[in-house]
Amino acid sequence: MNQVMIETVNKTYPVIIGEGAVNAIASFVDEMKQKPTRLFIIADESVRTIHGARLESALPKGIPADWHNVPAGELAKSFSVFEQCLTRMLECALDRHSLVVAFGGGACGDLAGFCAATYMRGIPFIQVPTTILAHDSAVGGKTAVNHPLGKNMIGAFHQPEAVMYDTLFLHSLSEKETRSGFAEVIKHALIADVDLYHDIRVNVNAVTDIASSFLEHSLKRGIEIKGTIVKEDEFETGVRAHLNFGHTYGHAIESLSGYGNVAHGEAIACGMIFALYASASKNGLSFDISSFASWLKGLGYPVESGTAFSFDDIYDVMTRDKKAFGGTVRFVLLNEIGHPYVTDMTKEELQKIDEQFRKEAVRW
């Protein structure tokens, strides 16, 4: 079992990683300064079907627990599902000392965290992520729901009390879910750890290569990277924006495709390629982008997914991104692996890069 401590201005909390990590919930809850009066588990309905019994057996005895199922994946992050959760929380008479438990992937965690952040102006919650993708979203306190005009546009910063990351849950992931989650591992390597990036390129040439021991090492390192950044910049006023590498373009592709059709990590993989071309154009980044794109394609990522939409449609969504500022689109680029920076890009710059992206995509 591994543990990474996440430090913010007002809270320090553990991320417990490894097989059987979910079994730490009962002891953790028993040791909380304010023992919860009630538990409210917001569960991805598919995850509950497969793994619900394991979580239920790990919950502390003697504290009433209510369950509420939500749709799998991004369908959970809608206003209607958010309202249903709050209605159920009120029906269950949760108070300010109740504890929400998020049980599912990143979308379920985002939704449950936002419910906890807004119910009675904020109650505590614990993350129990069940996907690779959630190693990124479960840590750092970003919670949100989607709007048809943009992803994660309605949300709040609300740090969990703890994250129990049981890697046994990952064994049931589909190849698509595994691939989607691993994109965030690749992102962490590109923005912060050149050695991790080279390890990934050497060890992973098919989704089946993402073996448990290497995966756990990669996930722990990714969480450490995110923890370091969150400690420095909890509310994304500076370096935390580096975690958005690949996301500005990727979120646009995800939105235009219809949430759930192109998985989040698949869209981010496409967005990272676009950001690398932007880095080469903007500051002369020396990086074999074609080789990187071909490698991703070999892993099954839909690297050409951006070419399904016009530049104008993509640009329109990017300008509504919460990182956009008056007439320009804010991008995270690389000077080199491990050295990201944030810059504003004009429509003209982005259109030129888009043209290059489309031209190169036919060669991957």
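Since every read-out is calculated from the coordinates, none of them should be taken as a lab result. Because the structure is predicted, anything quoted here is derived from the model rather than measured. We place every Cβ from the backbone using ideal geometry, glycine too, and count neighbours over all the protein chains shown.
Highest-first packing order for the peptide set 132-144, 59-71, 215-227 is 132-144, 215-227, 59-71, based on the mean count of other beta carbon atoms within 10 Å. Among TYR249, TYR341, TYR165, TYR277, sorting on how many other beta-carbon atoms sit within 10 Å of each Cβ, with the fewest leading, yields TYR341, TYR277, TYR165, TYR249. Estimated from the Cβ-Cβ distance and a Förster radius of 45 angstrom, the FRET efficiency linking SER80 and HIS339 is about 0.60.
Once you sort the root eigenvalues of the Cα gyration tensor of segment 1-151 as a ≥ b ≥ c, which label holds: rounded (a/c under 1.5), prolate (a/b larger than b/c) or oblate (the other case)? Judged from the Cα gyration tensor, segment 1-151 comes out rounded (a/c under 1.5).
Let me make sure I get this right: for the chain, a, b and c are the square roots of the gyration tensor eigenvalues over alpha carbons, sorted descending. Under 1.5 in a/c it's rounded, otherwise prolate if a/b > b/c, else oblate. Which is it? Here the chain falls in the prolate category. Counting neighbouring Cβ atoms within 10 Å and putting the fewest first, the residues LYS359, LYS297, LYS33 line up as LYS33, LYS359, LYS297. Charging the Cβ of each Asp and Glu at -1 and of each Lys and Arg at +1, and nothing else, the dipole of the chain about its Cα centre rounds to 440 debye. Based on alpha-carbon centroids, what's the gap between segment 333-358 and segment 13-67 in Å, whole number please? A separation of 42 Å, based on Cα centres.
Simple rule: put +1 on each Lys or Arg Cβ and -1 on each Asp or Glu Cβ in the chain, find the dipole, and look at ILE223, ALA263, LEU333; the Cα lying farthest toward the positive end is ILE223. Working ranking of peptides 114-125, 6-17 by packing, defined as the average number of other Cβ atoms within 10 Å per residue, highest first, is 114-125, 6-17. Think of each Lys and Arg Cβ as +1 and each Asp and Glu Cβ as -1; about the Cα centre, that makes the dipole of segment 175-361 roughly 60 debye.
Within the shell of other residues whose beta carbon sits under 15 angstrom from the beta carbon of ALA267, the net charge comes to -3, with Lys and Arg scored +1 and Asp and Glu -1.
Relative to the dominant Cα principal axis of the chain, helix 45-58 is inclined by about 50°.
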